[in-house]
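The values are calculated or read from the model by the stated rules, or taken from the named source; none is laboratory data. Values in this document were obtained by computation on a predicted structure and should not be read as measured data. So basically every Cβ, Gly included, is an ideal-geometry build from the backbone, and we count neighbours across all protein chains shown.
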């Protein structure tokens, strides 16, 4: 069968679109209201028929020179202001770099000093643990020594051993007997 060509009768239109779309965007409206203008020297447009040979005759060279000199002076002042600000920022940056370097050195020295202190504290903690183990060993050994001493004949017995200065041997022995009895 030959292909069927659609005619306007065969197309169903649901809703017709807007023909004249008007933008309500205020910025677009303002842009559209700006009039078109051409530069003073139409030859700068690079359009073949837009040459204006007498435009240079219309310009007063003294006024153009004055305008250029004013523009040059303005640019010089702007450059001087920028150079001054750059120098100021450079000097301030150098000062900050020096201050940061000094603080870094000081903090590094503090860190080294505190690392030494931490090492010494660890040694003290290790010594404290060692002393506690020694004390526990002695506390376990003294009651055994007393017990061994009490088993010996009277003439071979040693006098009671005291580890604490200023405490009498009998007080020490009494405290050991109480700890020995608590062990059994």
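Given (1) assigned to a helix (DSSP H, G or I); (2) loosely packed, with under 10 Cβ neighbours inside 10 Å; (3) modelled with pLDDT under 85, identify the lone condition not met by residue 56.
(2)
Scan 164, 133 and give me the residue that is surrounded by fewer than 11 Cβ atoms within 10 Å (Cβ to Cβ), modelled with pLDDT under 90 and under 59 Å from the mean Cα position of the chain (by Cα). Write out each step before concluding.
Numbers: 133 fails: modelled with pLDDT under 90.
Going through 164, 133 in turn, the sole match is 164.
So which of 143, 39 is closer than 30 Å to residue 159 by Cβ, touching a helix residue (DSSP H, G or I) at 6+ places or on another chain (Cβ under 8 Å) and modelled with pLDDT under 95?
Working: 39 fails: closer than 30 Å to residue 159 by Cβ.
None of the other options fit; the residue is 143.
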